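Beneath this line is the structure, given in structure tokens, with notes to follow.
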Amino acid sequence: MKRILLEIILAASLAAASVFAWTNWNAGQANVLKLTELTAESESSGKKLEAAEAEVTATAEELSTLKVKSQELDAVKAALASGETLKDLEAAYKKEKSLSAERQVGLGALRLLTKGSKDPATIEAFRKALDIADWGSRKKVICAAQIALAAAGEKVNVLDDCATSAEKAEQAEKDKIAGPEKAAAEVKSKDDHAAKPGEKHAVHWGYEGAMGPDRWGDEFPTCAKGKSQSPLNIKGPFEKAQFGIAPDYKPGQLKIINNGHTIQVNVPSGSKLRIDSKPFELVQFHFHRPSEELIDGKPAAMVVHFVHKNEAGRLAVLGVLLKEGNENPGIKTLWANAPLKEGPMVEPEGVLFNPANLLPREYEFYSYEGSLTTPPCTEGVRFFILKAHVNIAKEQVEQFPFKKNARPVQPQNGRAIAG
Ligand SMILES: [Zn+2]
């Protein structure tokens, strides 16, 4: 039970750290009362740790909503002043080889509240969190870490998206309006699964050896424990697809990055994929060599993954297989501008690109429920693999700066594949 209490306090301090940086603290006991209630609930319930952790996540979310209304930082601080909680928590965590980004932020937040911003271990905890967090699925963690680091006087450029969502949350609370326009505004092109925040890139995973796919689970548990992982070997029997998809991609300024794992193009807003008539905004596309998905056990030379997100934050990936054949003019433009080495995003002046140039004419597809194919391997991603392929010249495959950046196929675990 002690562990659960610590987790709850941790969640509270995580929320507190975020608020600490961007909001004035109002008088009020709301969060303290809430914390007391939740603590009592957890004690009496006697649930297993797993269930409790799910509750803690919900608690953290609830608290982060509450924070906009009213919180009392001093009360939280006073409760933590002795440092006992921090000691307990660190002892509990010491046994674990590696902590998740959320826990690192929580730990940093607790240190910040207990020992202040001059404590080097505070900064270290936030830095670690930033290193292991993945932009997109861990936006809250990244924002909390960045804002707290900035508040501690560290030179950190807080991403626009963090400030924006904080302001929006405040505004929505004031207006009591959280319309679809606001939600749409939160869908930013930076939000993707392969890009990392910050200038320097900490390599925590790769495609070979000690950092290869079979070790991803050490730091990103879903990669090993998830039951709906991607990619899959696509093979029958197939279920009948119940609806169609319709890409509606538009030309826009080319923004291309070598992020150390792939070549990725970040797409300006306006390009969409309609799935069963519902719009998903195209945020980025990137490449794997060879193709991650197998068709009847066989890979294609490469695959391009178009990553989309709807207003609810649901992800959908459209995969287009690239087979060796004629030169691909779209790829030619991309490769001519793609940095060979890992580095910042480039925006070559006057170069427009239309992602539709990489699509075949027919949109018949295989589909299944999967995950991100890179850490943290988050599930709940809908996959659509087009049956038609597009060509790529052998030389163009060889020009791609990554020899192998494909995750092996994952167990199907009874998932249906439509096709
Ligand atoms: Zn991919």
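Throughout, read-outs are computed from the coordinates displayed, never taken from laboratory work. Note that this is a predicted model, so its numbers are computed, not measured. Cβ atoms come from the backbone with ideal geometry, glycine included; neighbour counts cover every protein chain shown.
In percent, how large is the relative contact order of the range 262-419, given Cα pairs closer than 8 Å and 6 or more residues apart?
Value for the range 262-419: 24 percent.
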Inset, instruction - Report the extension gain between A121 and K250 in nm, rounded to one decimal, defined as 0.36 nm multiplied by the number of residues separating them, less their alpha carbon distance. - result: 41.7 nm
Inset, instruction - Using every Cα-Cα pair within the range 284-345, state what percent have a distance larger than 20 Å. - result: 40
Inset, instruction - At 7 Å along the Cα-to-beta-carbon direction for both Q242 and D214, put a label point, then send me their distance in nm to one decimal. - result: 3.9
Legend entry - Per-peptide average of other Cβ atoms within 10 Å, ordering 234-242, 102-110, 389-397 highest first: 102-110, 389-397, 234-242
Inset, instruction - Determine, for each peptide in 267-275, 344-352, 141-149, 325-333, the mean count of other beta carbons within 10 angstrom over its residues, then list the peptides with the highest first. - result: 141-149, 267-275, 325-333, 344-352
Legend entry - Extension gain (nm, one decimal) between A418 and K341, 0.36 nm per residue minus Cα-Cα: 23.9 nm
Inset, instruction - Quick one: check the C-alpha center-to-center distance for the range 203-237 versus the range 251-285, whole angstrom. - result: 23
Inset, instruction - Quick one: compute the contact order of the range 286-365, relative version, from alpha carbon pairs under 8 angstrom and 6+ residues apart, as a percent. - result: 19
Inset, instruction - For the range 200-321, just say rounded, prolate or oblate: build the C-alpha gyration tensor, square-root its eigenvalues into a ≥ b ≥ c, call rounded for a/c under 1.5, and beyond that prolate if a/b exceeds b/c, oblate if not. - result: oblate
Inset, instruction - With only alpha-carbon atoms counted, please give the Rg and Dmax of the range 356-419, in Å. - result: 14.4, 39
Inset, instruction - Would you kindly state how much longer the chain becomes between K225 and E349 on full extension, computed as 0.36 nm times their sequence separation minus their alpha carbon distance, in nm to one decimal? - result: 40.2 nm
Inset, instruction - Can you figure out the FRET efficiency of A92 with R361, using R₀ = 60 Å and their beta-carbon distance, to the nearest 0.05? - result: 0.55
Inset, instruction - Assuming a ≥ b ≥ c are the square roots of the Cα gyration tensor eigenvalues, decide whether the range 279-397 counts as rounded (a/c under 1.5), prolate (otherwise, with a/b larger than b/c) or oblate. - result: oblate
